[in-house]
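Taking it in order: structure first as structure tokens, then the write-up.
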Ligand code: BGC
Ligand code: MN
């Protein structure tokens, strides 16, 4: 009788271990890919490397403090029948609306305008003759390696200020975000070295939308604008898709006289501008431009149209879209699945003009669950409260 020989036992145990590993791996992957912005992956990453902004007891607790029900809800567990995730009751230690916290509650400003003015001359734009095409590094690297590389060159929260001259442009880079962790690493790895050469002062703000509603890129940018202004009086804002990498370092991220559409020539669009009024991808506006048009509309849920609506707003405010030449304003787009287009986008666009005054930074409702300063970016976890139905 062979029975359960030693060799068979070893095979059996080894097989069971492999099976466990595979199941564990699949579970982890599903978790990350299922569209949960609060996936275990993100929570682990976020909490391993972040320190809480300002360390004040008034500031929100980590999303790790989440209740089991909330976790299930966000992860599409058995209780997740509802599509809207408004479970704030579970976040007892989290203020409902951080937008009322006064500026002084925040840690020291990332940079001062006056500090070095007596010592240094004003920064000038880099000479275009020193610049040209660049090749982005698209190899996926873990965030901790990127932080180890770039962290020492930056101030906490992914802020930077030139040390040999007085920056003339204080630029908030606002990145609307959900579920693109791999892109985030590649983006940070490329954008910091690119920006550090530009003699501007900047800080990277990643605004992540919680689950429960379709992604609202425009609303995340509105939130980024409002929140970034609580940190510093930025002169201008560059709204930046996380999957776009600049391909030429003459593409300056400074403050434009007129709103500037930056991502003119994208590889996936054959390096051609698809149409004149396009304002998506990467765009730059001053604080005044953005305020003059009441920011973006909050009514565009899902893919498409929100940038066209901004384009209409600019026209309405007698502002022009400016652009750098196609040979300079070039970008590489990182690969991703095609998003599902919002079927209501054309209808929204048509109604848009009548809603400029009532739909924008003056009407956005949101809750910030978490603000964290990572070495290479400042991260906000935001839940949008504006309803999808009204749009
Ligand atoms: C959408 C825009 C998008 C553009 C380019 C348009 O149809 O409305 O939001 O930026 O296509 O992809
Ligand atoms: Mn894209």
> Residues in the range 119-150 that are farther than 25 Å from residue 378 by Cβ and part of a helix (DSSP H, G or I): how many?
Replying inline: 3
> Of (1) surrounded by fewer than 18 Cβ atoms within 10 Å (Cβ to Cβ); (2) closer than 13 Å to residue 299 by Cβ; (3) modelled with pLDDT of 95 or more, residue 316 satisfies all except one. Which?
Replying inline: (2)
>> So in the range 271-286, with the set limited to residues that are farther than 15 Å from residue 305 by Cα and either part of a loop (DSSP other than H, G, I, E, B) or modelled with pLDDT under 95 (or both), which one is nearest to ligand 1 (Cβ to nearest atom)?
In response: 273
>> Show the residue pairs meeting these rules: Cβ distance below 7 Å; 6+ apart or different chains; first residue within the range 208-228 and over 16 Å from residue 288 (Cα atoms); second residue assigned to a helix (DSSP H, G or I).
In response: 209/220; 211/74; 217/306; 218/306
> Given the conditions (1) more than 16 Å from ligand 2 (Cβ to nearest atom); (2) part of a loop (DSSP other than H, G, I, E, B); (3) in contact (Cβ under 8 Å) with a residue 60 or more places away in the chain, which single one is not true for residue 318?
Replying inline: (3)
> Do the conditions hold for residue 294, that is, is it touching a strand residue (DSSP E or B) at 6+ places or on another chain (Cβ under 8 Å), away from ligand 2 (no atom under 15 Å from the Cβ), within 24 Å of residue 344 (Cα to Cα) and assigned to a loop (DSSP other than H, G, I, E, B)?
Replying inline: no
> Just wondering, is there one or more residues in the range 268-285 that are within 21 Å of residue 194 (Cβ to Cβ) and away from ligand 2 (no atom under 16 Å from the Cβ)?
Replying inline: yes
> Which one of these does residue 230 not meet: (1) out of contact with any strand residue (DSSP E or B) (no Cβ under 6 Å at 6 or more places or on another chain); (2) within 21 Å of residue 205 (Cα to Cα); (3) within 16 Å of ligand 2 (Cβ to nearest atom)?
Replying inline: (3)
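Scan the range 348-367 and give yes if some residue there is closer than 23 Å to residue 271 by Cβ, without any contact (Cβ under 8 Å) to a residue 60 or more places away in the chain and either within 16 Å of ligand 1 (Cβ to nearest atom) or touching a strand residue (DSSP E or B) at 6+ places or on another chain (Cβ under 9 Å) (or both), otherwise no. Outline the logic, then answer.
Step one: filter the range 348-367 for residues closer than 23 Å to residue 271 by Cβ, giving none.
Checking the range 348-367: not a single residue is closer than 23 Å to residue 271 by Cβ, without any contact (Cβ under 8 Å) to a residue 60 or more places away in the chain and either within 16 Å of ligand 1 (Cβ to nearest atom) or touching a strand residue (DSSP E or B) at 6+ places or on another chain (Cβ under 9 Å) (or both).
The values are calculated or read from the model by the stated rules, or taken from the named source; none is laboratory data. These numbers come from a predicted model, not from an experiment. We place every Cβ from the backbone using ideal geometry, glycine too, and count neighbours over all the protein chains shown.
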